[in-house]
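*Asks:* One structure follows; several queries about it will come next.
The values are calculated or read from the model by the stated rules, or taken from the named source; none is laboratory data. On a predicted model such as this, the values are computed, not experimentally measured, just so you know. We place every Cβ from the backbone using ideal geometry, glycine too, and count neighbours over all the protein chains shown. Heavy atoms of the whole protein, side chains included, go into the accessibility calculation; ligands, DNA and RNA do not. Shrake-Rupley method; radii C 1.70, N 1.55, O 1.52, S 1.80 Å.
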Amino acid sequence: MTFSRITGVGGYLPEKVLTNHELEAMVDTSDQWIRARTGIAKRHIALEGETTCDLALPAAQQAIEAAGIDKHDIDLIVLATTTADQIFPSTACLLQQRLDIHGCPAFDVQAVCTGFVYAMGVVDNFIRAGSSKCALVVGAETFSRIIDWNDRDTSVLFGDGAGALVLQASDEPGIISTHLHADGAYANLLHVPQGVSKGYDLVQEGGAYVEMKGNEVFKMAVRTLGRIVDETLEANQLEKSDIDWLIPHQANIRIIQATARKLNMSMDQVVVTVDEHGNTSAASVPLALDTAIRDGRIKRGEILLMEAFGGGFTWGSVLIKY
Ligand code: ACO
């Protein structure tokens with residue numbers, strides 16, 4: 001049996017940091033409110049002109065180096081993003097060019113905050129089917145570009161960044177299972193209502209910004225992530241105690257704590273970066289993974305549960321033996 005095994009991870013955050021105190025000068029909010037309601041203290045923001053691909057490149061290079069592979073061994077690039085550099089080519093193709101790799105398939109996946117989990121599911125199927133032996137999977141966002149910085153409901157939540165990993169075919173696990181879901185019925189609770197096909201002039205005139213009914217999204221996220229945890233454990237006949245690490249999407253510390261409670265998990269077994277990064281959408285799960293592998297918390301052989309919930313709604317999980 002063929003499994004997809006993580007052989008290298010990488011992450012990159014733009015240099016510019018925006019603190020809660022700086023946000024106090026921009027919108028009617030307070031450091032105290034943001035920390036208490038979200039757990040966020042600061043976030044990184046791309047400089048003017050710095051693109052999603054600019055963030056993806058160093059994360060990908062780090063992952064390739066950590067995997068100890070020749071970049072020309074990469075036979076598939078899948079990049080999760082909501083904030084592509086251009087309408088086309090895909091950011092995955094732009095990244096391929098910047099990495100000076102040629103010929104392998106490269107495409108973007110768009111599932112907002114669940115994007116990286118979706119990308120893992122897609123790549124795992126390629127590897128299991130024998131269509132890829134060495135894949136580069138990236139989650140990268142410049143979410144700050146689709147934030148209305150006058151809107152306190154959203155501007156305090158998001159940040160920019162990129163995470164990447166190399167997945168290679170192996171006889172040893174590896175990804176154990178992936179679980180992907182969506183329900184478009186909830187599109188209006190969390191969306192950017194403008195887009196190319198609706199009339200690009202509207203985007204140019206009024207901007208295209210995230211709109212969110214935060215409270216309703218919050219309740220759905222907690223409920224849905226609870227269900228995905230059950231689904232993942234049941235599918236693999238595992239007990240809650242079999243999970244060594246929870247690597248959740250980093251939207252809000254209260255959502256993360258609720259999922260940890262559902263797993264009877266101490267917060268010591270949960271990788272938390274939301275305080276430092278904010279919500280980096282598709283980049284948040286790989287950035288959290290990179291952080292905890294690099295600082296030595298996550299060790300080979302441990303069982304990791306990644307989960308995410310985002311616009312669509314989309315949600316999903318990846319169970320991995322690292
Ligand atoms: N600063 C200060 N006060 C604020 C702010 C702010 N930035 N925002 C709202 N408030 C006020 C409200 O006006 C309200 O005041 P009131 O009680 O006087 O009416 C009070 O704070 C509480 O507002 P709620 O909206 O009920 O606050 P809540 O506890 O729900 O927190 C939050 C809001 C942080 C947005 C939360 O709902 C949340 O995290 N939602 C989920 C986000 C998420 O997970 N998104 C999915 C992934 S993102 C993606 O896919 C793109």
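*Asks:* With the cut-off at 21 Å, tell me which of the pairs 16/219; 240/321; 42/262; 16/42; 240/299 have Cα atoms farther apart than that.
*Replies:* 16/219; 42/262
*Asks:* How large, in Å, is the chain by the Kirkwood hydrodynamic radius built from its alpha-carbon pairs?
*Replies:* The answer is 19.4 Å.
*Asks:* Evaluate E = 1/(1 + (r/R0)^6) for residue 267 and residue 171, where r is the Cβ-Cβ distance and R0 equals 35 Å; express this FRET efficiency to the nearest 0.05.
*Replies:* In this case the efficiency is close to 0.50.
*Asks:* So what's the net charge close to residue 95: Lys and Arg +1, Asp and Glu -1, counting the other residues with Cβ under 11 Å from its Cβ?
*Replies:* -3
*Asks:* Right, next: When the Cα centres of the stretch 1-77 and the stretch 230-305 are compared, how far apart do they sit, in Å?
*Replies:* Distance between centres, Cα-based: 17 Å.
*Asks:* Over the stretch 170-309, give the accessible area per residue in Å² for a 1.4 Å probe, as an integer.
*Replies:* Here the per-residue accessible area is 47 Å².
*Asks:* Continuing with the same structure: Just add up the charged neighbours of residue 281: K/R +1, D/E -1, any other residue whose Cβ is under 10 Å from the Cβ of residue 281.
*Replies:* -2
*Asks:* Add +1 for every Lys or Arg and -1 for every Asp or Glu among the other residues with Cβ under 14 Å from the Cβ of residue 61, and state the total.
*Replies:* Taking every Cβ under 14 Å from that of residue 61, the sum is -3.
*Asks:* With all pairs of different alpha carbon atoms counted, what Kirkwood hydrodynamic radius in Å does the stretch 1-152 show?
*Replies:* Here the Kirkwood hydrodynamic radius works out to 16.8 Å.
*Asks:* Suppose accessible area is computed on protein heavy atoms with a 1.4 Å probe; arrange 266, 197, 144 from highest to lowest.
*Replies:* So, going from the largest accessible area down, we get 197, 266, 144.
*Asks:* Now for a different question. Can you send over the carbon and sulfur percentage of the accessible area for the chain, probe radius 1.4 Å, protein chains only?
*Replies:* Its accessible area is 49 percent carbon and sulfur atoms.
*Asks:* Which of the aspartates and glutamates could a cross-linker bridge to residue 213, judged by Cα under 19 Å and excluding same-chain residues fewer than eight apart?
*Replies:* Once the sequence-local aspartates and glutamates are set aside, what remains near residue 213 is 28, 148, 151, 153, 183.
*Asks:* Determine the order of 65, 172 by accessible area, beginning with the largest, at a probe radius of 1.4 Å.
*Replies:* 65, 172
*Asks:* Ok, one more. Taking a ≥ b ≥ c as the square roots of the eigenvalues of the Cα gyration tensor of the stretch 238-298, is the shape rounded (a/c under 1.5), prolate (a/b larger than b/c) or oblate?
*Replies:* It comes out oblate by the Cα gyration axes.
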